[in-house]
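Here's the structure, in structure tokens; my notes come after.
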Amino acid sequence: MKKVIFALIAATMVVSAAGAMKVKMNIEYGQAGDEKLLLDIYSPSTEGFFPGVVIVHGGGWIGGDKRQDIVSLFEPIADANIVCYSINYRLAPQNRWPAAYEDVISAVKWVKANGFANKTDPNRIALMG
């Protein structure tokens with residue numbers, strides 16, 4: 001029930017210290033076989049193009065997801081006028097290395113290719129994880 005409520009709130013707009021951040025959830029950035037690779041975008045509510053950061057969640061490549069234990073990062077990143085891309089990737093042991101690494105590379109390429117549509121300067125992208 002908590003996930004459903006969070007998804008309903010996050011799908012519209014989340015209030016933050018700087019006013020609001022816009023949230024887009026479960027955007028497909030790639031596909032591996034039958035599995036869709038998804039990311040969430042947290043962007044400043046102000047107009048313009050901003051640096052972006054792709055967040056690779058923790059979990060040692062075997063656990064976690066794009067929201068678990070890192071939600072507290074999204075607001076300060078958006079408040080700093082940085083667009084945050086939080087990604088899911090294929091997990092081991094179901095998926096052998098380098099599957100997760102390949103998914104991260106795919107996410108960065110997607111952000112670079114789709115940056116302008118998401119208020120991101122594709123020449124200013126960082127990776128965090």
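The values are calculated or read from the model by the stated rules, or taken from the named source; none is laboratory data. Everything quoted here is computed from the prediction, not taken from an experiment. Note: ideal-geometry Cβ built from the backbone for every residue, glycine included; neighbour counts use all protein chains shown. Heavy atoms of the whole protein, side chains included, go into the accessibility calculation; ligands, DNA and RNA do not. Shrake-Rupley method; radii C 1.70, N 1.55, O 1.52, S 1.80 Å.
Can you give the Rg to Rh ratio of the range 70-124, both from alpha-carbon atoms, with Rh computed by the Kirkwood formula?
Using Cα coordinates only, the ratio equals 1.05.
For the chain, give the magnitude of the charge dipole about the Cα centre (Cβ charges: +1 Lys/Arg, -1 Asp/Glu; no others), in debye to the nearest 20.
Dipole of the chain, to the nearest 20 debye: 80 debye.
Rounded to the nearest whole Å², what accessible area per residue is found for the chain with the 1.4 Å probe?
For the chain, the per-residue accessible area is 56 Å².
Can you send over the carbon and sulfur percentage of the accessible area for the chain, probe radius 1.4 Å, protein chains only?
The value for the chain is 60 percent carbon and sulfur by accessible area.
Return the inverse of the average 1/r over all pairs of distinct C-alpha atoms in the range 38-96, which is the Kirkwood hydrodynamic radius, in Å to one decimal.
Result for the range 38-96 stands at 12.2 Å.
What does the convex hull of the Cα atoms of the chain come to per residue, in Å³, rounded to a whole number?
It comes to 107 Å³ per residue, whole-number rounded.
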